[in-house]
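K.L.:
Before anything else, here's the structure in question.
Nothing in this text is a laboratory measurement; each read-out follows from the coordinates by a stated rule. If you're wondering where the values come from, they're calculated on a predicted model, not measured in any experiment. Glycine gets a Cβ as well: all are built from the backbone with ideal geometry, and neighbour counts include every protein chain shown.
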């Protein structure tokens, strides 16, 4: 980093710090839970509660994404990840929904981790902007999620 860059770097944004605090709380909360079934049920409740707290446009999209993931990739377990609804295999996130309000963005994002089986040659998309979840978009999400779950 150059001197000019280092003198203007102000650290993490308030939104990034909040996401890190969310993640620390999620890890602590998960560690206190009992059996695997109790952890899974509580994690799903946490995801649904986070979705319910979103602004209406993000909430509507997140509810549809949640329903699609649960229907088309039931092997992916819901969990919170940095304060975002996410879906994991063996505890590792495969895909997630990032609301627009999370980082004050102009659109929500459906994102996929490197564990998602979306490989398509030397380059492929790992994130998709969402402004609305129409029936056509829902079909595309279902196909991506099925493929990502591998």
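K.L.:
Looking at 92, 79, 102, can you tell me which residue is closer than 29 Å to residue 28 by Cα, surrounded by fewer than 21 Cβ atoms within 10 Å (Cβ to Cβ) and touching a helix residue (DSSP H, G or I) at 6+ places or on another chain (Cβ under 7 Å)? Write out each step before concluding.
P.N.:
Values: 92 fails: touching a helix residue (DSSP H, G or I) at 6+ places or on another chain (Cβ under 7 Å); 79 fails: surrounded by fewer than 21 Cβ atoms within 10 Å (Cβ to Cβ).
Every option except 102 fails the conditions.
K.L.:
Which one of the conditions (1) within 24 Å of residue 15 (Cβ to Cβ); (2) part of a helix (DSSP H, G or I) does residue 114 fail to meet, given that it meets all the rest?
P.N.:
Failed condition: (2).
K.L.:
Same structure again: Considering each residue of the range 18-53, count those that are crowded, with 16+ Cβ neighbours inside 10 Å and touching a helix residue (DSSP H, G or I) at 6+ places or on another chain (Cβ under 6 Å), and give that number.
P.N.:
1
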